[in-house]
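Please treat every number below as a calculation from the coordinates, not as lab data. Small disclaimer: the values here were computed from a predicted structure and weren't measured. FYI the Cβ positions are ideal-geometry reconstructions off the backbone, even for glycines, and counts take in every protein chain you see.
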Amino acid sequence: MKKRNLKNHLKDLNSNMTQVIDTNKYIEFVKQTTSTPSSDLAALLARITELEAVSDCNVPHLLTGALGLSAEAGEFVEIVKKILLQGKSYTEDNVIHMKKEAGDCLWYISQICIALDTNFEELMQMNYEKLSARYPEGTFDVYKSENRVEGDI
């Protein structure tokens, strides 16, 4: 951005930051855009029952895996954040701590494997095939990382 445009951009940004947000309207917006199972226990229980009965979804293991993996990944990220951004030392103790948190992530991935009736080998094979198709030359490419072909998730 040129110097002049940057000044205008900062001026616009500052004026936008001084606007007062109506928190009551925002809360109402959140209520209106929340799915029924996310806001009503009876609807959530009905959805869980439907998933288990109709789709043969293993809800307990799927939920345990999803929530637990997110929490444990967050604990791992917290250690990395403190090392990279807050001056925490990269020590053997911290490496062991990260390994333990990574192990906890594996425990929850195992819960996901149970829920999805799969195993680590199948997940690794699927990941290998996905990335091999994305990077057929065998090397990472920023463009291909951000500009995926249809169906590449």
(message) Given the C-alpha atoms of the chain, compute the convex hull and give its volume per residue in Å³.
(response) 256
(message) Pick from E78, E52, E137 the residue whose mean-square fluctuation is largest in a GNM of the chain, springs joining Cα atoms under 10 Å.
(response) E137
(request) Would you mind computing, in nm to one decimal, how far apart the modelled labels at S35 and S110 are, each placed 7 Å from Cα along Cα→Cβ? (result) 2.9
(message) Please give the charge dipole size of the chain, origin at the Cα centre, charges +1 on K and R Cβ atoms and -1 on D and E Cβ atoms. Round to the nearest 20 debye.
(response) 1340
(request) Take K144, K99 and order them by how many other Cβ atoms sit within 10 Å, fewest up front. (result) K99, K144
(message) In the chain, if the dipole is taken from +1 on Lys/Arg beta carbons and -1 on Asp/Glu beta carbons about the Cα centre, which of N58, G87, G151 is farthest to the positive end?
(response) G87
(message) Could you identify which residue out of F120, F76, F140 has the top mean-square fluctuation in a GNM of the chain using Cα springs shorter than 10 Å?
(response) F140
(request) Please sort through the DSSP H helices of the chain and keep those with an alpha-carbon extent of at least 20 Å along the long axis and a Kyte-Doolittle average not below 0.0. (result) 59-85, 92-116
